[in-house]
1. For Ser86, state whether it is at pLDDT 90 or above, within 15 Å of Gly38 (Cα to Cα), in contact with an Asp or Glu (Cβ under 8 Å, 6 or more places away or on another chain) and of a type in the set (Gly, Ala, Ser).
2. Given the condition outside any strand (DSSP E or B), in contact with a helix residue (DSSP H, G or I) (Cβ under 8 Å, 6 or more places away or on another chain), at pLDDT 80 or above and over 22 Å from Met107 (Cα atoms), answer yes or no: does some residue in the range 34-45 qualify?
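The values are calculated or read from the model by the stated rules, or taken from the named source; none is laboratory data. A quick note: this is a predicted structure, and the numbers were derived from the prediction, not measured. Using ideal geometry, Cβ is built from the backbone for each residue, glycine included, and neighbour counts are taken over all protein chains shown.
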Amino acid sequence: MPSPLPGFDDEIKLYPTPVIGVRAFRLQVYGTEIKLSGPLFPNFLWQPGVNTRICYSLGSKGRAPEHDLELCSCGFYAYHHHSGVSERDRSNSMSVIGIIEGSGKVMLGTKGFRANEARISALSMSKYQRFIELDKAVHHYYPDVEFFERPADMYSRYPSSYLDLFYSNL
Ligand SMILES: [Zn+2]
């Protein structure tokens, strides 16, 4: 099954090195805990540390960790550049932009990558979210994530690995 989002696996298949990318998350409130999901899959909650892909190609209950990334569209998606994140994902008051490090198997495309393992490296929460102290709850659940007040600082601290990866594969 090809990826439903072109640009995430069209260039280099199975790049083995950890790769840095940027993406959006959604804040999900569970009592006093606040966790992060993807914008499209509110039921998939990112765990602290390394997350392992869940395959949905076998149906909503079909967990298939052995499923092949090359044959599927599953995995953790991220853009090479923050301009790839849609306005819809930026403007939502429950949205957070962050950096992930994809590892394990990685498929590389022109817009971004998808990986079968990923961890959240950094997050930049909005002024309003920090004002109402949502950042503290998020940091509590993801203690090893680095927080930035200014997105620009986060992007310069975590530059995309795209050019390195691309040119090393020519
Ligand atoms: Zn799959």
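1. Details: at pLDDT 90 or above: yes; within 15 Å of Gly38 (Cα to Cα): yes; in contact with an Asp or Glu (Cβ under 8 Å, 6 or more places away or on another chain): no; of a type in the set (Gly, Ala, Ser): yes.
Considered against the rule, which asks whether it is at pLDDT 90 or above, within 15 Å of Gly38 (Cα to Cα), in contact with an Asp or Glu (Cβ under 8 Å, 6 or more places away or on another chain) and of a type in the set (Gly, Ala, Ser), Ser86 comes out as no.
2. The first filter runs over the range 34-45 and keeps only residues outside any strand (DSSP E or B), leaving 38-44.
If we keep only those that are in contact with a helix residue (DSSP H, G or I) (Cβ under 8 Å, 6 or more places away or on another chain) too, we end up with 39.
Of the ones still in play, those that are also at pLDDT 80 or above are 39.
This time we only want the ones that are over 22 Å from Met107 (Cα atoms), so: none.
No, every residue in the range 34-45 fails to be outside any strand (DSSP E or B), in contact with a helix residue (DSSP H, G or I) (Cβ under 8 Å, 6 or more places away or on another chain), at pLDDT 80 or above and over 22 Å from Met107 (Cα atoms).
To keep it simple, each residue is scored yes or no on (1) modelled with pLDDT of 85 or more; (2) on the phi < 0 side of the Ramachandran plot; (3) of a type outside the set (S, T, N, Q); (4) surrounded by 14 or more Cβ atoms within 10 Å (Cβ to Cβ).
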{"position": "Leu71", "(1), (2), (3), (4)": "no, yes, yes, no"}
{"position": "Cys74", "(1), (2), (3), (4)": "no, yes, yes, yes"}
{"position": "Ser91", "(1), (2), (3), (4)": "yes, yes, no, no"}
{"position": "Val106", "(1), (2), (3), (4)": "yes, yes, yes, yes"}
{"position": "Arg119", "(1), (2), (3), (4)": "yes, yes, yes, yes"}
{"position": "Met125", "(1), (2), (3), (4)": "yes, yes, yes, yes"}
{"position": "Phe147", "(1), (2), (3), (4)": "yes, yes, yes, yes"}
{"position": "Pro151", "(1), (2), (3), (4)": "yes, yes, yes, yes"}
{"position": "Arg157", "(1), (2), (3), (4)": "yes, yes, yes, no"}
